[in-house]
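K.L.:
My questions will all concern the structure given below.
The values are calculated or read from the model by the stated rules, or taken from the named source; none is laboratory data. No experiment lies behind these values; they were computed from the predicted model shown. Here Cβ is always computed from backbone atoms with ideal geometry, including for glycine, and neighbour counts include all displayed protein chains.
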Amino acid sequence: MSASVSQANLLPTGAEFQKGLARRNFRGSVWGRFYSLSLLVAILALIALVLNIVNSAFGYAITAYEVEPTALVAGGDVGGLDAEQLVVILQDYQERRLPVYIRDNLSVVDPSIFTQVPLSESLAGRTFPAELAAMTVTELTRDQQAAVLAASLSVDTLRSLVEVEVIGEQVIHPYALSESLFERSRIDAELLEALEDEPNARLEFRSWLNFEFLTAAGSSDPAAAGVRTALLGTLWVIFITVLFAFPVGVGAAIYLEEYAVPNRLNKLIETNIRNLAGVPSIIYGLLGLAVLVRSLEFITQGRTILSAGLTLGLLILPVIIINSQEAIRAVPSSIREASFGVGATKWQTIWNQVLPAAMPGILTGTILAMSRAVGETAPLIVIGASTFIVTDPTSPFAKFTALPIQIYQWTARPQSEFRAIAAAAIIVLLVLLLLFNATAIILRQRYRKSLQG
Amino acid sequence: MTQNGAYAIQLKNVDVFYGPKLAVSDVSLNIQTRRITAFIGPSGCGKSTVLRSINRMNDLIPGARVQGDVTFQGQNLYAPEVDPVEVRRRIGMVFQKPNPFPKSIYDNVAYGPRLLGVRSKAVLDEIVEKSLKGAYLWDEVRSDLKKSGLALSGGQQQRLCIARTIAVEPEVILMDEPCSALDPIATQAVEDLMKILVKQYTIVIVTHNMQQAQRVSDFTAFFSIRKQEETPGKENRWGVLGEFAETTELFSSPNSEETERYIRGEFG
């Protein structure tokens, strides 16, 4: 009846329809352009970040040796020398400092009494020629001091002593990669200037990120400083963090999803966990300082890896709980019903069906939370991570430093060499994060495959 | 024989509530041992709810509550000393959508026996073979027991679920619209299987398909909906048992007009 008439009146047709269609398509294309622009901004920001870091981490540097390596050994490579040859070099060039090397590397007594007690006491437990036991260090001849060093120190230690104390490479002026590429003439002019003060000065292209940088301990000399201590510190702290936060977080998520009845109290708890995930990390630092470092000092022994790991664990706990809850919630209820249907108990169902099915999501969430913890600086500063430390951490109760702390400390120094090694350390941190995220992806794929067969 | 003779399960004045809301009211019926009983009725009439109250599956829904007696071999299943885990082992369930675990065929079937503590490989092998044969799936999968259960076709998955159910040797199998997600050929296979299984098991099946009820079942329960306007615009609906009889009788000479209209397909 009237249906066809009213339809013709209500909806546009012909030219009117075409016009409307053009307008609709235009609106869509504007939004589409806006979205691709957003992506472009994100990509540009990433490229700028990477360029900035690479710019600082590589480039020419004017360096000078105290003593040319070629003067020590033909070819200039001290790596091939044995312990005795290295001690001879030390004796030749730094004769007066031999007692200092003995004190720094071998002494087991307090530095203030080191020169006054006999070797049997100051070097107790070390290997040295037995006939010297009754003498103090200052009574030894230079040859005897050299003999003590040769007897006790490893070739590696002796080599690094030679490198730092004799060869003594100095960075006079580092250049960024962009300067190295585009301002070569200025660099050459500055090299000539430098040669006036320092006849040994030379220009070399340097990658501040190299194998030695990864394996060397912290040092106040930027040319010799490395990230080993900080890297090990970070790995230790993260290990403790995950050891604490993963079981507790997953456990809490299981309780909230599978056991908790949806009453007001449990809803309140859940809401607050979500809020906790947004609390600034420095607040967790204050919590860690007050509770873990101070009140629980008898357990954590103060500003140690354990305190830091637990603090970061508390920081990422809410994130792990939320991610795990979501992963558990995503397990289809048909799987739960099937398990209950053949007579499984609640725990058997959770353990055999729900957790394996939720594991890809739980692992991804945990590793992403872990990546966040790796980069955290503020809470570690608050609980007092050491800013300068050269001994490797060996237990959860060790003092430590971590990569972000080390980076922060290096960038805060006025000398430009430190900015270069800070950039190199940032690359190490980024690679570590990439490794974590890649692991997350691989684990997720593995699990997914094993679930689908 | 059990003390109730040929009755495996007896429901007496059963009411089911979801929270404060009445879902099914006053259902009384007796389910005969080693027979197929079909529950039919329009959507929302509570036939699945009644089915799930038989093996205490409703316990899993927060706020669900059952009043009245559900008796299995003389034992009230809702008595405080009864553990629902034991109930579900003895009264197994097959669901609407095939829901194999994301594991191998072997592990799917061995899951139940393993829960009960069976560890011996030889025993498990035997149970898996027996159950898969029982579900008429053995010949199709015997060479490939390590394959994921999810890699099977829909009909095979449903028969795998049946094999998984019979692996724990239940006495009753509840089937909640087991064929609604299957094509006609897979449906045929499952129906044929039910006719064989009924020699050993008591089967209760919920179905939307009246032809299926007629084809496979010995007894049919027709559920219908009662409505009451509480306040204007807000209606309370709950299910009741409309009619319960032998299948042939119910379909040839229904007692009530409502049953007749339903089986003629006038509403659903």
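K.L.:
Can you pull out every residue in the range A:246-264 that is surrounded by 14 or more Cβ atoms within 10 Å (Cβ to Cβ) and within 32 Å of the chain's Cα centre (by Cα)?
P.N.:
Listed by number, the residues that qualify are A:Phe246, A:Val248, A:Gly249, A:Val250, A:Ala252, A:Ala253, A:Ile254.
K.L.:
If you scan the range B:234-257, which residues turn out to be more than 19 Å from B:Val204 (Cβ to Cβ), free of Cβ contacts under 8 Å to residues at least 60 places away in the same chain and surrounded by fewer than 18 Cβ atoms within 10 Å (Cβ to Cβ)? So that I can check it myself, show each step before the final result.
P.N.:
Restricting attention to the range B:234-257, the residues satisfying the condition of being more than 19 Å from B:Val204 (Cβ to Cβ) are B:234-238, B:252-257.
Next, from what is left, pick out any that are free of Cβ contacts under 8 Å to residues at least 60 places away in the same chain: B:234-235, B:252-257.
Within the range B:234-257, B:Lys234, B:Glu235, B:Ser252, B:Ser253, B:Asn255, B:Ser256, B:Glu257 qualify.
K.L.:
Any idea which residue in the range B:39-89 is farthest from the other protein chains (Cβ to nearest Cβ), counting only those that are of a type in the set (S, T, N, Q) and part of a loop (DSSP other than H, G, I, E, B)?
P.N.:
B:Ser43
K.L.:
Scan the range B:144-163 for residues that are at the interface with another protein chain (Cβ under 10 Å from one of its Cβ atoms) and either hydroxyl-bearing (Ser, Thr, Tyr) or part of a loop (DSSP other than H, G, I, E, B) (or both) and report the count.
P.N.:
The total comes to 3.
K.L.:
Moving on. Which residues, counting only those in the range A:257-303, are within 14 Å of chain B (Cβ to nearest Cβ), touching a helix residue (DSSP H, G or I) at 6+ places or on another chain (Cβ under 6 Å) and assigned to a helix (DSSP H, G or I)?
P.N.:
A:Glu257, A:Glu258
K.L.:
Here are A:Thr377, A:Thr387, A:Thr401, A:Thr349: which of them is buried (at least 24 other Cβ atoms within 10 Å of the Cβ) and touching a Phe, Trp or Tyr at 6+ places or on another chain (Cβ under 9 Å)?
P.N.:
Only one candidate qualifies: A:Thr401.
K.L.:
Continuing with this model, one more query. Give the residues of the range B:39-54 that are surrounded by 23 or more Cβ atoms within 10 Å (Cβ to Cβ) and at positive phi, sorted by residue number.
P.N.:
Once the filter is applied, which keeps residues that are surrounded by 23 or more Cβ atoms within 10 Å (Cβ to Cβ) and at positive phi, the range B:39-54 yields B:Gly41, B:Gly46.
K.L.:
Inside the range A:193-222, can you point out the residues that are surrounded by 20 or more Cβ atoms within 10 Å (Cβ to Cβ), at pLDDT 80 or above and under 15 Å from the mean Cα position of the chain (by Cα)?
P.N.:
Listed by number, the residues that qualify are A:Leu209, A:Phe213.
K.L.:
Which condition from (1) modelled with pLDDT of 85 or more; (2) within 21 Å of A:Arg413 (Cα to Cα) is the one that A:Pro247 breaks?
P.N.:
For A:Pro247, the failing item is (2).
K.L.:
Give me a count of the residues in the range B:11-38 that are buried (at least 24 other Cβ atoms within 10 Å of the Cβ) and either within 14 Å of another protein chain (Cβ to nearest Cβ) or part of a loop (DSSP other than H, G, I, E, B) (or both).
P.N.:
0
K.L.:
For the range B:100-113, what are the residues that are at the interface with another protein chain (Cβ under 8 Å from one of its Cβ atoms) and either farther than 18 Å from B:Asn55 by Cα or in contact with a Phe, Trp or Tyr (Cβ under 8 Å, 6 or more places away or on another chain) (or both)?
P.N.:
B:Pro100, B:Phe101, B:Pro102, B:Lys103, B:Ser104, B:Tyr111
K.L.:
Which of the residues that make up the range B:199-214 are within 16 Å of B:Ala163 (Cβ to Cβ) and not in a strand (DSSP E or B)?
P.N.:
Within the range B:199-214, B:Gln200, B:Tyr201 qualify.
K.L.:
Just to check your reading of the model, which residue among A:Pro222, A:Pro280, A:Pro247, A:Pro262 is of a type outside the set (Asp, Glu) and outside the structural domain of A:Leu292 (by TED's automatic domain parsing)?
P.N.:
Exactly one of A:Pro222, A:Pro280, A:Pro247, A:Pro262 is of a type outside the set (Asp, Glu) and outside the structural domain of A:Leu292 (by TED's automatic domain parsing), namely A:Pro222.
K.L.:
If you don't mind, there's one more thing I want to ask. For the range A:403-432, what are the residues that are without any contact (Cβ under 8 Å) to a residue 24 or more places away in the chain and of a type in the set (Lys, Arg)?
P.N.:
A:Arg413
K.L.:
Here's another thing I want to ask about it. Which one of the conditions (1) of a type in the set (A, V, I, L, M, F, W, C); (2) in contact with a Lys or Arg (Cβ under 7 Å, 6 or more places away or on another chain); (3) modelled with pLDDT under 90 does A:Ala378 fail to meet, given that it meets all the rest?
P.N.:
If we test A:Ala378 against (1) of a type in the set (A, V, I, L, M, F, W, C); (2) in contact with a Lys or Arg (Cβ under 7 Å, 6 or more places away or on another chain); (3) modelled with pLDDT under 90, just (2) comes out false.
K.L.:
Pick from B:Val204, B:Val240: which is touching an Asp or Glu at 6+ places or on another chain (Cβ under 8 Å) and either closer than 30 Å to B:Lys21 by Cα or modelled with pLDDT of 90 or more (or both)?
P.N.:
Details: B:Val204 fails: touching an Asp or Glu at 6+ places or on another chain (Cβ under 8 Å).
Criteria check complete, one pass: B:Val240.
K.L.:
Then there is this: Give just the number: which of (1) modelled with pLDDT under 90; (2) crowded, with 19+ Cβ neighbours inside 10 Å does B:Arg142 not satisfy?
P.N.:
(2)
K.L.:
Restricting attention to the range A:415-429, does a residue exist that is surrounded by fewer than 21 Cβ atoms within 10 Å (Cβ to Cβ) and not in a helix (DSSP H, G or I)?
P.N.:
Yes, the conditions are met somewhere in the range A:415-429.
K.L.:
Right, here's the next one. Which residues, counting only those in the range A:265-314, are under 21 Å from the mean Cα position of the chain (by Cα) and exposed (fewer than 13 other Cβ atoms within 10 Å of the Cβ)?
P.N.:
If the condition is that a residue be under 21 Å from the mean Cα position of the chain (by Cα) and exposed (fewer than 13 other Cβ atoms within 10 Å of the Cβ), then A:Pro280 is the only one that fits.
K.L.:
Take the range A:186-206 and flag every residue that is in contact with a strand residue (DSSP E or B) (Cβ under 8 Å, 6 or more places away or on another chain) and assigned to a loop (DSSP other than H, G, I, E, B).
P.N.:
If the condition is that a residue be in contact with a strand residue (DSSP E or B) (Cβ under 8 Å, 6 or more places away or on another chain) and assigned to a loop (DSSP other than H, G, I, E, B), then A:Glu198, A:Asn200, A:Ala201 are the ones that fit.
K.L.:
If the requirement is being assigned to a helix (DSSP H, G or I), surrounded by fewer than 20 Cβ atoms within 10 Å (Cβ to Cβ), more than 14 Å from chain B (Cβ to nearest Cβ) and within 24 Å of the chain's Cα centre (by Cα), which of these qualifies: A:Leu363, A:Leu368?
P.N.:
A:Leu368
K.L.:
I would also like to ask the following. Of everything in the range B:164-194 that's within 11 Å of chain A (Cβ to nearest Cβ) and assigned to a helix (DSSP H, G or I), which residue is surrounded by the most Cβ atoms within 10 Å (Cβ to Cβ)?
P.N.:
Per the criteria, the residue is B:Arg164.
K.L.:
Restricting attention to the range A:329-355, report how many residues are part of a helix (DSSP H, G or I) and more than 8 Å from chain B (Cβ to nearest Cβ).
P.N.:
The total comes to 9.
K.L.:
Among the residues in the range A:223-235, are any in a helix (DSSP H, G or I), modelled with pLDDT of 90 or more and among the charged types (D, E, K, R)?
P.N.:
No, the range A:223-235 has no match at all.
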